[in-house]
Amino acid sequence: MPYSLDELAKDIKGILKDHGIQEGSDKVCYYVQKALMDQSFIHNNLKDRDDQNPREILYEDPELGFCVCGHVYNQEANGSPHDHGSSWAVYGQAAGETEMTEWEIVKQENDIKLVKEIKKYVMKPGDVKFYNVGDVHSPIRKEPVRLLRIEGKNLDNVERSKIKEL
Ligand SMILES: [Fe+2]
């Protein structure tokens with residue numbers, strides 16, 4: 001049986017209601033991975049997009065506010081170190097590769113967080129990673145990629161921290 005967007009949203013909602021994200025993040029990652037392993041899910045939900053607008057909200061929960069998003073980049077896309085403000089996020093790699101760097105906040109000057117690199121790894125299709133509130137990371141995508149990303153709340157409405165590399 002193919003896994004559908006509705007089922008993914010329902011499974012995530014159930015976990016968030018029963019456990020919350022701090023206890024339930026592994027389970028959310030499990031269901032994101034289940035979607036990534038399903039080629040029909042990827043085909044139906046992570047469709048080609050134009051480069052001006054790579055992110056699409058596939059589902060936004062009216063009660064809890066979490067979002068299931070698709071990101072499709074047709075060319076190189078490099079992000080600088082960032083957090084997601086007051087939101088957590090789960091990143092799932094559907095196609096292509098992302099070189100991800102994680103950063104540690106060393107100190108804060110006024111409202112700027114100064115960070116240094118702590119970890120680097122490559123995310124391949126099927127890989128899923130949870131980033132908690134405040135976790136600083138930066139993705140490098142050299143080739144086209146397709147991603148499934150769960151946002152704790154719609155990041156359109158979330159203010160990010162100011163972050164600078166040490
Ligand atoms: Fe991010």
Only one residue in 84, 137 is under 13 Å from the mean Cα position of the chain (by Cα) and assigned to a loop (DSSP other than H, G, I, E, B), so which one is that? 84
Every listed condition ((1) of a type in the set (A, V, I, L, M); (2) within 14 Å of the chain's Cα centre (by Cα); (3) surrounded by 21 or more Cβ atoms within 10 Å (Cβ to Cβ)) holds for residue 8 save (2)
Could you please give the count of residues in segment 52-70 that are open to solvent by less than 60 Å² (accessible area, probe 1.4 Å) and either over 22 Å from residue 21 (Cα atoms) or assigned to a loop (DSSP other than H, G, I, E, B) (or both)? 5
Single unsatisfied condition, residue 127 versus (1) modelled with pLDDT under 95; (2) in contact with a Gly (Cβ under 8 Å, 6 or more places away or on another chain): (1)
Criterion (away from the ligand (no atom under 11 Å from the Cβ) and not small (Gly, Ala, Ser)) met by exactly one of 147, 64, 155: 64
Which one is farthest from the ligand (Cβ to nearest atom) among residues in segment 105-124 that are modelled with pLDDT under 95 and assigned to a loop (DSSP other than H, G, I, E, B)? 110
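The values are calculated or read from the model by the stated rules, or taken from the named source; none is laboratory data. Remember, it's a predicted structure, so these values are computed and weren't measured experimentally. Using ideal geometry, Cβ is built from the backbone for each residue, glycine included, and neighbour counts are taken over all protein chains shown. Heavy atoms of the whole protein, side chains included, go into the accessibility calculation; ligands, DNA and RNA do not. Shrake-Rupley method; radii C 1.70, N 1.55, O 1.52, S 1.80 Å.
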